[in-house]
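Read the structure below first, then the notes.
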Amino acid sequence: MLPNGNVLFSHGSGAKEVTMQKEVVWEYRGPEGVEIHAAQPLPDGNLMIIECGTKRIIEVNRAGEIVKEVPLNPNPKVGTHGQFRGGRKLANGHYVVPFYSERKVVELDGSGTVVREVPVAGNPCGIAPLRNGHWVVTTGDGHQVLEIAPDGKTVWQLSENDLAGNPIRFAIGVQRLPNGNTVFCNWLGHGHLGENPHLYEVTPDKQLVWSFADHAHFKAVSQVQILDEGFLAKPWELER
């Protein structure tokens, strides 16, 4: 959600900004055959988008013009759907991108040069960069949420069965809250529809604060944004 009350989201092969009255006020459509799993508002008013298929990060202005393009280099054997998931642009101008099928998270500088590469046990999907340089990473069918330090070491880990009676299925969208708790999406595809909650909030000592389940209205939830006080001032941040 943006400060004006509109919602920006990626969808399949594009991205949109939509009002609460469901009016599309901005849209980007990717080239035919691409998949887009990441869209991020930037401080300068542009939008960052990551395209699978064309293998690139782009920054797009409000006129729909591409003002910056950064190439990505996945393994050539990886098909479009398996290339990338929800990446972010950092305050220092770098980018962090989950290479989904290659089981790694990559940090690139503004020109696309790789400066850090961290292997992940699972399929990295969501990433929340923290101010201390750590990354909170969800691992898809790896059934884990990890906090990874700049040296590549895992300093916190929530595993598949750490929440009694609430197994982690496909861990995807993630957000770190000001109090240190972690909120993440428990996507229920791949054979688990209707079985478990869609969302969890968990403390650093792995205690469940709350969960959300509404299988009548939601099939599977892939992203979450907590709209607490102060968040909308800087919607490009996942940690306040």
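The values are calculated or read from the model by the stated rules, or taken from the named source; none is laboratory data. Remember, it's a predicted structure, so these values are computed and weren't measured experimentally. Heads up, the Cβs are rebuilt from the backbone with ideal geometry, glycines too, and the neighbour counts pull from every protein chain shown.
Remarks
- Restricting attention to the range 22-50, the residues being farther than 25 Å from K234 by Cβ and either without any contact (Cβ under 8 Å) to a residue 40 or more places away in the chain or of a type in the set (A, V, I, L, M) (or both) number 6.
- Of the residues V114, V118, the single one that is in contact with a Leu (Cβ under 9 Å, 6 or more places away or on another chain) and either surrounded by 15 or more Cβ atoms within 10 Å (Cβ to Cβ) or modelled with pLDDT of 95 or more (or both) is V114.
- Scanning the range 27-44 for residues that are in contact with a strand residue (DSSP E or B) (Cβ under 7 Å, 6 or more places away or on another chain) and either among the charged types (D, E, K, R) or buried (at least 16 other Cβ atoms within 10 Å of the Cβ) (or both) turns up E27, Y28, R29, G30, V34, E35, I36, H37, A38, A39, Q40, P41.
To keep it simple, each residue is scored yes or no on (1) more than 22 Å from P98 (Cα to Cα); (2) within 16 Å of the chain's Cα centre (by Cα).
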{"site": "N6", "(1), (2)": "yes, no"}
{"site": "A15", "(1), (2)": "no, yes"}
{"site": "G30", "(1), (2)": "no, no"}
{"site": "A39", "(1), (2)": "no, yes"}
{"site": "G45", "(1), (2)": "yes, no"}
{"site": "M48", "(1), (2)": "no, yes"}
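- Among the conditions (1) over 26 Å from V115 (Cβ atoms); (2) in a loop (DSSP other than H, G, I, E, B); (3) touching a residue at least 24 places away in the same chain (Cβ under 8 Å), the only one that L8 does not satisfy is (2).
- Candidate set: the range 148-167, residues that are under 22 Å from F84 (Cβ atoms) and out of contact with any Gly (no Cβ under 6 Å at 6 or more places or on another chain); chosen: the one surrounded by the fewest Cβ atoms within 10 Å (Cβ to Cβ): G152
- Against the conditions (1) under 22 Å from D205 (Cα atoms); (2) in a loop (DSSP other than H, G, I, E, B), V137 satisfies every one except (2).
- Residue within the range 190-212 that is modelled with pLDDT under 95 and either among the aromatic types (F, W, Y) or touching a Phe, Trp or Tyr at 6+ places or on another chain (Cβ under 8 Å) (or both) present: yes
- Test result for E195, surrounded by fewer than 16 Cβ atoms within 10 Å (Cβ to Cβ) and either assigned by TED's automatic domain parsing to the domain that holds S159 or more than 20 Å from the chain's Cα centre (by Cα) (or both): yes
- S211 meets the conditions (1) within 28 Å of P3 (Cβ to Cβ); (2) touching a Leu at 6+ places or on another chain (Cβ under 8 Å); (3) not in a loop (DSSP other than H, G, I, E, B) in every case but one. The failed one is (1).
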